[in-house]
Amino acid sequence: MIRRASELLFCCIPLMILVACAAPPVEPEEPAANVPLADGTSGESRSGGINEGDLAQQGLAVTGQGSLDALKEGAAPQTGVLADVYFSYDRSELETEAREILQRNSDWIKEHPGVQIEIEGHADNRGTNEYNLALGSRRAQAVKDYLVTLGVAPERFSTISYGEELPICGENAEQCWRMNRRAHFVVRTQRPAS
C-alpha cells in the first residue's frame, strides 16, 4: 500500500509542476501585526472560534499552505503561526526542543477552536522511499499524540506523510537533511456542517 502511494506521488508530481507553471502567480499577503507567533511572541490573542475572514485578517492562508501547495507555487512551504518540529536522523521521538515548540503550538490551537490542523511528516533523502514514507508517518503521529496529551482534541488533527518527496532543501549535507526531517503544520478553517 505504501509502495502504491509512493508510485502515485511520483506520477502526480510532474502533473502538479505542469499545472503550477500554468497557474497565475499568487501575491503573498502581508501578515497582520497582531498574529500570535509560534516562537512564543504574541500579539493580540483571540478566544473562541474563528472564521475564514478572521484567518485572512491575521495573515493566515484560508486553506493553509501545505508542502504540496508550495511545490505548485515553486516555493518552500510557509511556517505560519505554528512552528515546525525537527527530528534526529532516523528517529520519530520528540526531543526537548520539539516538546517546547509543541507546547506553544498547542496553546495557539486551543485558543482557536475553529481550525483543523494537518500535520505533515517529512524525512531526508537517505533510505528507501517506502521507509521514508513510514518514518514521516511515525513523525506526524508522534506530534499528534503529544498534542493530544497537552489537551487538544484528536479529531482536530489529520496526518499525512510525504517521506522524502517534498524536501525544502535539496543539498546532500547534514544541515540540509536536518531541515527536511520535520513535521510541518497546515492550518485549515473548519467548514460548517451542511
When region 85-138 is checked residue by residue, the ones that are closer than 15 Å to residue 185 by Cα, assigned to a loop (DSSP other than H, G, I, E, B) and aromatic (Phe, Trp, Tyr) are 87
Those residues of region 169-194 which are assigned to a loop (DSSP other than H, G, I, E, B) and either within 12 Å of the chain's Cα centre (by Cα) or modelled with pLDDT of 95 or more (or both), in sequence order: 181
Residues (surrounded by fewer than 19 Cβ atoms within 10 Å (Cβ to Cβ), of a type in the set (Gly, Ala, Ser) and touching a Gly at 6+ places or on another chain (Cβ under 8 Å)) located in region 107-133: 114
Considering only region 49-67, how many residues are at pLDDT 65 or above and surrounded by fewer than 19 Cβ atoms within 10 Å (Cβ to Cβ)? 0
Look at region 99-116 and say how many of its residues are touching a residue at least 24 places away in the same chain (Cβ under 8 Å) and under 20 Å from residue 180 (Cα atoms). 4
Sort out which residues of region 149-168 are of a type in the set (S, T, N, Q) and either in contact (Cβ under 8 Å) with a residue 40 or more places away in the chain or buried (at least 16 other Cβ atoms within 10 Å of the Cβ) (or both), and write them in order of number. 158, 159, 161
For residue 131, work out the one condition from (1) farther than 21 Å from residue 178 by Cα; (2) free of Cβ contacts under 8 Å to residues at least 40 places away in the same chain; (3) of a type outside the set (Gly, Ala, Ser) it doesn't fulfil. (1)
Flag for residue 188 being of a type in the set (Lys, Arg) and without any contact (Cβ under 8 Å) to a residue 60 or more places away in the chain: no
A careful count of residues in region 139-153 that are in a loop (DSSP other than H, G, I, E, B) and of a type in the set (A, V, I, L, M, F, W, C) gives 3
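The values are calculated or read from the model by the stated rules, or taken from the named source; none is laboratory data. Computed from a prediction, not measured in an experiment: that's the story for all the values here. Ideal geometry is used to build each Cβ from the backbone, glycine not excepted, and the neighbour counts take in all protein chains shown.
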